[in-house]
Amino acid sequence: MAQIITEVSRTFNEFLLLPNRTRTDCSPATVDLRTPLSRHAVGERPAVELRVPFTSAIMQAVSTPELAIALARNGGLSFLHHNRSIQDQVAAVGQVKNVEAGAVTGAATPHSDARPDDMTRPLVGAGVNTHDYRERVPALADAGVDALCFDSSDGYSDWQAEALAWVKKHYPEIPAGGGNVVDGDAFVFLAEAGADFVKVGVGGGSICITRDQKGIGRGQASAVLDVAAARDAYRERTGVHVPVCSDGGLVHDYHVALALAMGADFVMMGRYFAGFDQAAGAKLATRDGFVKEYWGEGSNRARNWQRYGQGGQGLLFEEGVDGYVPYAGDLGEGLALTVAKLRTTMVSCGSATLEEFRSSARLTLVSDQSFQGSHANVALRAASPAVH
Ligand code: IMP
């Protein structure tokens, strides 16, 4: 008989953080946002570390070389998409690795003690798939890629375990993540297969219609909490920390803080980055301001069949939509604001580091009524005279 998980599947909107005691030496300027991207023994330094816990999605509409350079300069990392020839993806990696990073600026933590290589060449990641990894990974490694991520809408599979094991055997020095998963068993499966990090999220992306099409998915908050608990148990058992990435469904800036408080080591976002100048979509004028194109990898526009296990080589039905997001200007400026909010939230929660944040965070569920009532604009708009 099928197993029914009685716990309700919850999303970020259903939670709020409670303030904790803040000590005088904890201020936004001193908050340290460094976070590991790759597995490491507890107490040791990971091979790849981010200065801010942000990565951009493995999507054609999002992670261009320009965006990757801008995000790396601000302390994060982009994963360049793999839904193209190996040669084209390698060229994109080369475009990022061939620029001078200069000093890391903007949103990056003042604590950044970067390694020399980080300071001269921006960090960049690449998405890979379980179909052509034997050819694609060697070419990306030659191009100097800093991290890989197997990109699948369902990473809990033997194909992905085999592919991870192959990469770890031939390229042990390049961190390789796996995913996506939504529960603790799947985390352990990928961690034991050698994943350097595990990405969480099925069905929650802003452009995603997987839940409608296939009836598969889990509320992102429940998924992150479950996987983070498994990550902690694995760490306790093995002495190895395998970072967790919360991917998709982050709609408001504060959702990033919630994901990190619930246990994610870093987040991945598509919609958020798609609005910036550096993203791939065209910028269009509308009556209400500018928008940028944003389309899912499972849409007919992207046709990323490698990500969706629909059998054969093609996309039989769509799992994503093609749409628009509000134009958000320059990545550096937008990200600095999001990071400023994150630092302030962490200070309210009395945390100077992300590890402290997730170990001491207190979260409360909000009722539908208190959620509706908590938005100033609801009451104020109702009371405002019409503006012409
Ligand atoms: P967002 O930040 O909410 O826009 O979600 C971005 C994430 O959605 C990506 O990192 C992918 O994991 C996922 N994704 C990308 N394209 C599709 C799609 O077409 N269908 C379902 N999920 C998608």
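The values are calculated or read from the model by the stated rules, or taken from the named source; none is laboratory data. Not measured: the values here are computed from a predicted model. FYI the Cβ positions are ideal-geometry reconstructions off the backbone, even for glycines, and counts take in every protein chain you see. Remember, those area values only see protein heavy atoms, side chains included, never the ligands or the DNA or RNA. Shrake-Rupley method; radii C 1.70, N 1.55, O 1.52, S 1.80 Å.
Helix-derived [θ] at 222 nm for the chain: sum -39500 (n - 2.57) over DSSP H runs of at least 4, divide by residue count, nearest 500? Kindly include the intermediate steps, with their values, before the conclusion.
Details: 14 runs with 134 residues, N = 388.
Using -39500 (n - 2.57) per qualifying helix, the result is -10000 deg cm²/dmol.
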Between T238 and I216, what is the spin-label point distance in nm, taking each point 7 Å from the Cα along the Cα→C-beta axis?
2.4
Efficiency of FRET from Cβ geometry, Y171 and S359, R₀ 25 Å, rounded to 0.05:
0.15
Just the number: Rg to Rh for the stretch 208-302, Cα atoms, Kirkwood Rh, two decimals.
1.07
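Give the carbon-plus-sulfur fraction of the accessible surface of the stretch 34-371 in %, rounded to a whole number; probe 1.4 Å, heavy atoms of protein chains only.
Working: 6550 of 13020 Å².
So the carbon and sulfur contribution to the accessible surface is 50 percent.
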Please sort by residue number the trypsin sites (Lys or Arg not before Pro) in the stretch 259-288 whose DSSP state is loop and whose Cβ has at most 13 other Cβ atoms within 10 Å.
R287
Between D142 and K283, how high is the FRET efficiency from 1/(1 + (r/R0)^6) when r is the Cβ-Cβ distance and R₀ = 35 Å? Nearest 0.05.
0.50
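Rank these by accessible area, largest first, 1.4 Å probe: K168, K199.
Numbers: K168 40, K199 0 Å².
Descending accessible area places them as K168, K199.
I need the GluC sites (Glu not before Pro) found in the stretch 142-234, filtered to DSSP loop residues with at most 11 other beta carbons within 10 Å of theirs. Could you put the intermediate results ahead of the total?
Values: sites: E162, E173, E192; in loops: E173.
Here the sparse-neighbourhood loop sites are E173.
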Span-like helix ranges in the chain, DSSP H, alpha carbon extent 24 angstrom or more, Kyte mean at least 0.5
331-348
As straight-line cross-link partners of K214, the qualifying aspartates and glutamates (C-alpha separation under 20 Å, not fewer than 8 residues apart within one chain) are D151, D154, D183, D247, E297, E318, E319, D322
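In whole percent, what relative contact order does the stretch 34-371 give with Cα contacts below 8 Å and a gap of six or more residues?
Numbers: 742 pairs, mean separation 61.0, N = 338.
Worked out over the stretch 34-371, it gives 18 percent.
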For the chain, just the Cα atoms, rotate onto the principal axes and tell me the three extents in Å, largest first.
62, 57, 48
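Provide the per residue accessible area, probe 1.4 Å, for the stretch 34-371, rounded to a whole number of square angstrom. Don't skip to the answer; put the middle values down first.
Details: 13020 Å² over 338 residues.
Solvent-accessible surface per residue comes out at 39 Å².
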Would you mind pulling out the separation of the Cα centroids of the stretch 1-66 and the stretch 194-264, in Å?
9
